Amino acid sequence: MSTGKWRRAATATATLTLAGTLGFGLTATESYAAAHGPCYDGRCKITVSAPSSIKVNSHRFGFGKLRITHVSSRSVKMSATTTGGGRLSGSTSPGGTVRLNSLKISVKSVSGHKAKLVLTPTS
C-alpha cells in the first residue's frame with residue numbers, strides 16, 4: 001500500500017470511529033431522556049388534555065411534574081409543586097407563554113380540549 005492510500009485509509013477509519021462515538025453519545029442521551037419521558041430535559045412539543053402530568057428534571061427546573069389542570073378554547077391552566085413544597089401556577093390563552101422557574105411553556109394552539117404545548121428551558 002502506498003503512503004497516500006495508507007493515509008486515506010487511516011483518515012477514513014478515524015472519521016468512522018469518531019462518527020460512531022458521537023452517534024452513540026446522541027443515542028445514549030435520547031434513550032436516557034426517553035426513559036424519563038419525552039419532555040424530561042425541558043425541550044419538546046407535546047399535545048395534552050386536562051388533567052395530565054408532564055415529567056421534567058426536578059434538579060434543573062425545581063419541580064418534577066408539570067400538571068395541566070384545565071384546557072378550554074380560551075385558556076390553559078397549569079401548576080407545579082416545587083421540590084421545597086412551594087406551589088407554582090399559571091394560565092394563558094392560546095398563543096401565550098407561561099414561565100415556571102426556568103421552564104417556558106408556550107401554548108401554540110387549542111383544538112377542542114387538547115392543547116399543543118412547546119416546552120423550552122430558559123437560562
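The values are calculated or read from the model by the stated rules, or taken from the named source; none is laboratory data. Note that the structure is predicted; figures quoted are calculated from it, not measured. No Cβ is skipped: glycine too gets one built from the backbone with ideal geometry, and neighbour counts run over all protein chains shown. SASA here: full protein model, heavy atoms, side chains in, ligands and nucleic acids out. Shrake-Rupley method; radii C 1.70, N 1.55, O 1.52, S 1.80 Å.
Express in nm, to one decimal, how much length is gained between K55 and K104 on full extension, taking 0.36 nm for each residue of separation and deducting their alpha carbon distance. Intermediate results must be reported in sequence, preceding the final value.
Values: separation 49, 0.36 × 49 = 17.64 nm, distance 1.44 nm.
Between K55 and K104, full extension yields 16.2 nm more.
So how do H70, H59, H113 rank on accessible area, 1.4 Å probe, biggest first, that is with the largest at the start?
Final ranking, largest accessible area leading: H59, H113, H70.
Reachable lysines from K104, Cα under 27 Å, same-chain residues fewer than 8 places away excluded?
The reachable lysines, counting only those whose Cα sits under 27 Å from K104, are K45, K55, K65, K77, K114, K116.
Residues with beta-carbon under 14 Å from that of T83, excluding T83: net charge, scoring Lys, Arg +1 and Asp, Glu -1? Walk me through the intermediate numbers first.
Numbers: positive: K55, R60, K65, R87; negative: none.
Every neighbour counted, the sum reads +4.
Say each of K116 and T97 gets a label point 7 Å from the Cα, pointing the same way as Cα to Cβ; how far apart are those two points in nm?
The modelled label-to-label distance comes out at 1.8 nm.
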